[in-house]
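As structure tokens, the structure follows; a few thoughts come after it.
Just so it is clear, none of the values below were taken in a lab; they were calculated from the coordinates. Given the structure is predicted, the values throughout are model-derived calculations rather than measurements. Here the Cβ is made from the backbone with ideal geometry for all residues, glycine too, and neighbour counts use every protein chain on show.
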Amino acid sequence: MSLEGEITLFLFYQKIGKEIIIIAQYAIMRFAKQKGGAGALEAHHERTKEKYASNPDIDTERSKYNFHIVQPETSYKRESDGRIEAAGCKTRKDSVRFVDTLITASPSFFKEKKREEIKAFFQAAADFLSRKIGKGNIFAATVHMDEKTPHMHLCFTPITHDGRLSAKEIIGNRVQLTQWQDDFFAHMVRKFPDLERGDSASITGRRHIPTRVFKQAVDLSRQATRIQAEIDSINPINAGKKKVEIATLLDRFFPRMENLETQLRKYK
């Protein structure tokens, strides 16, 4: 995953003694610049591959629930090349041809939300980007419901209002990324007031946390929720049995939590 163009805030948690604390809900948006061919990326986004051995989190049985906010009319390469040619943009070998934007939220945000509510979240995010970069520049926006946390991949050609191909100008530097974050939060919180404000990684200087580490954190968050549910279900009748079950869960949870904390230290 790219470290560049990051406006990412993650759901994390920490342990204090034996109390598990879940940190609140954030909207997540991250840019990844794409310079070369889009074949592998398109196959992933559009789920045209038969197997996804590199990503075991994809449940192909649920892929039928994926949907588009913007349906690409042809291949990603043709979509981006066609827009660049139509605008008369000058290009170089190292030009950024399009930008892959990941949009999601903390897993807890989506909990118990209906499909229409989830769709409304991603439509609102797409509307925000459409206003910022121009609707005509967006050629694909695909929402994945077949992984653990719903998320959208929105792809756009970084063509400026005066017809130049410039991801640098559109995405910008750290100051501009902060403004992106401010605007994104202001737009989303109007419709989803349970979202919270966080600090941009461009300001804090934090490095982007790799997908594998983030997924460990999300998985542990789910375990924490399960443990809390087990604790809440204790009553005089089942106390003995629950004590054993919870102890077993905690014995598995805390070593994994400590391992994650060790990995996270390098990203503080």
- Query: Fully extended, how many nm does the chain gain between Arg226 and Thr48 (0.36 nm per residue separation, minus their Cα-Cα distance)?
  - Reply: 60.7 nm
- Quick note on His44, His144, His161, ordering by fewest other C-beta atoms within 10 Å, gives His161, His44, His144
- Query: Within the set Lys35/Lys191; Lys132/Lys215; Lys135/Lys168; Lys119/Lys191, which residue pairs have Cα atoms separated by over 23 Å?
  - Reply: Lys35/Lys191; Lys132/Lys215
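What ranking do Arg174, Arg265 get, fewest neighbouring Cβ atoms within 10 angstrom at the top? The partial results should precede the final answer.
Numbers: Arg174 12, Arg265 7.
Least to most surrounded, the residues fall as Arg265, Arg174.
Fewest first, what order do Asp251, Asp100, Asp57 take by the number of other Cβ atoms within 10 Å? Could you put the intermediate results ahead of the total?
Values: Asp251 9, Asp100 21, Asp57 14.
By the 10 Å Cβ count, ascending: Asp251, Asp57, Asp100.
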- For a paramagnetic label modelled at 7 Å from the Cα of Glu73 toward its Cβ, which residues of the stretch 120-150 fall within the zone defined by backbone nitrogen distances under 16 Å? 135-141
- Query: At what distance in nm do the modelled label points of Glu116 and Glu169 sit from each other, each positioned 7 Å from its Cα along Cα→Cβ?
  - Reply: 4.2 nm
